[in-house]
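Here the structure comes first, spelled out in structure tokens, and everything after it is commentary.
The values are calculated or read from the model by the stated rules, or taken from the named source; none is laboratory data. Just so you know, these numbers come straight off a predicted model, no measurement behind them. Cβ placement follows ideal geometry from the backbone for every residue including glycine, while neighbour counts extend to all protein chains displayed.
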Amino acid sequence: MTFANPVLLAVGLAVAAALACAAVAVTRRRARALASAGVAAAGGRRARLAGVWFTIAGIAVLAVATAGPAVTVPVSHASGTVIIAIDVSGSMAATDVAPSRLSAAKKIAQSFVNAQPPSVNIGVVAFEQGGLEAAVPTADHATALAAIGRLSAEGGTSLGSAILAALSAITHRAVSLGPNGTAPSIGFWPSATIVLFSDGQDGGDSGASGSSASAGLSTGTETAAAVAEKAGVHVDTVGVGTVTGTTVDVEGYHLFTGLDEATLESISQATGGTYHPASNASELDGIASSINLRLTVANQPLPLAGAFIAFALALLVAGAVLTVARTGRVV
């Protein structure tokens, strides 16, 4: 138990202790006076003093209440931070998902935002060759919705940079790979989740170098996923597009682009998240309800002043009733 004003507690208990000492002294003095007068002590006297002790106890409990007592209790609730990372590279302009991959991703992302409780802070990261934070995490979900609505397709893709940018938004500090692509330590953030919308086309390695990465992931993306996994951040991936793919016009070039499910599955598996395939807009509509935030347990203070005040009043009333019943006087 903690107290907001321990000084008040000390003063109140000192007053109650002084009153108790005074009551004991008066009781003993009266007992000696009666004994010298040859009057035997009556059992009813203790009953008459019960009102005094109830009153003193009420004052002591009231002193505890005045000090602002509180206890810390674990409370389970769906809270934390969700970063929506949306691929805005040129391949997301492909129309194999009508009206386009990016439009479909924006639609389901906005549905996901609307499905979240007010206790969840939501941020938005748009990514192409490097991650770009479009909206910082906030409980104002309208800000996230507006940021999603402004996105347009351009540039290349770097999934590793997207994950690092999302982690930067979660931790509120720049997160980047160290020399030779080494993974940094960013602490533990188990209440944070990244929801990544992409066609899986990974055109960058986030500046990492070294041995070849695991199947489906570039070295930089694999390292960025490892950073998220170590920090307890799940990355749920949403595949936007079709495996058969289509061609898209990028800066005058006709390029073929198809959904790379292996890359997106590798990212989600590496971080303990889930991959959600979707080949058309109607399938995307159901993804928001299938992505579940984890329940977190947070320690919250539980004020106890009200309970102590009620108990103190009960003691004071009991003391007053006993005093009036035994002596006919309030004091």
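Residue-wise test of (1) closer than 28 Å to Ala226 by Cβ; (2) modelled with pLDDT under 90.
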position	(1), (2)
Asn121	yes, yes
Gln129	yes, yes
Ser152	no, yes
Ser161	yes, yes
Ala166	yes, no
Pro179	yes, yes
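Looking at Pro190, Pro179, which one is touching a residue at least 24 places away in the same chain (Cβ under 8 Å) and on the phi < 0 side of the Ramachandran plot?
Pro190
Of all residues being closer than 18 Å to Val248 by Cα and polar (S, T, N, Q) in the range 73-113, which is surrounded by the fewest Cβ atoms within 10 Å (Cβ to Cβ)? Just the residue, please.
The residue in question is Thr95.
Considering the range 130-181 alone, what residues qualify as being buried (at least 17 other Cβ atoms within 10 Å of the Cβ), farther than 22 Å from Ile108 by Cβ and hydrophobic (A, V, I, L, M, F, W, C)?
Matches in the range 130-181: Leu164, Leu167, Val175, Leu177.
Out of (1) part of a helix (DSSP H, G or I); (2) modelled with pLDDT under 90; (3) buried (at least 19 other Cβ atoms within 10 Å of the Cβ), what's the single condition that is false for Ser268?
Evaluating Ser268 over (1) part of a helix (DSSP H, G or I); (2) modelled with pLDDT under 90; (3) buried (at least 19 other Cβ atoms within 10 Å of the Cβ) leaves (2) as the failure.
Just one of the numbered conditions (1) under 22 Å from the mean Cα position of the chain (by Cα); (2) of a type outside the set (Ser, Thr, Tyr); (3) over 17 Å from Ser191 (Cα atoms) is not true of Gly232; which one?
Failed condition: (3).
Filter the range 138-191 down to residues that are more than 14 Å from Ala85 (Cα to Cα) and hydroxyl-bearing (Ser, Thr, Tyr) and give me whichever is nearest to the chain's Cα centre (by Cα).
Ser191
Among the residues of the range 213-233, write down those that are at pLDDT below 90 and outside any helix (DSSP H, G or I).
Ala213, Ser214, Ala215, Gly216, Leu217, Ser218
Quick check on the range 134-146. Is at least one of its residues in a helix (DSSP H, G or I), among the hydroxyl-bearing types (Ser, Thr, Tyr) and free of Cβ contacts under 8 Å to residues at least 24 places away in the same chain?
The answer is yes, given that some residue of the range 134-146 is in a helix (DSSP H, G or I), among the hydroxyl-bearing types (Ser, Thr, Tyr) and free of Cβ contacts under 8 Å to residues at least 24 places away in the same chain.
Could you check, for the range 117-127, whether at least one of its residues is among the aromatic types (Phe, Trp, Tyr) and in a helix (DSSP H, G or I)?
Taking every residue of the range 117-127 in turn, none turns out to be among the aromatic types (Phe, Trp, Tyr) and in a helix (DSSP H, G or I).
Does Val248 meet the test of being surrounded by 13 or more Cβ atoms within 10 Å (Cβ to Cβ) and either closer than 15 Å to Gly273 by Cα or modelled with pLDDT of 90 or more (or both)?
For Val248, the condition - surrounded by 13 or more Cβ atoms within 10 Å (Cβ to Cβ) and either closer than 15 Å to Gly273 by Cα or modelled with pLDDT of 90 or more (or both) - is not met.
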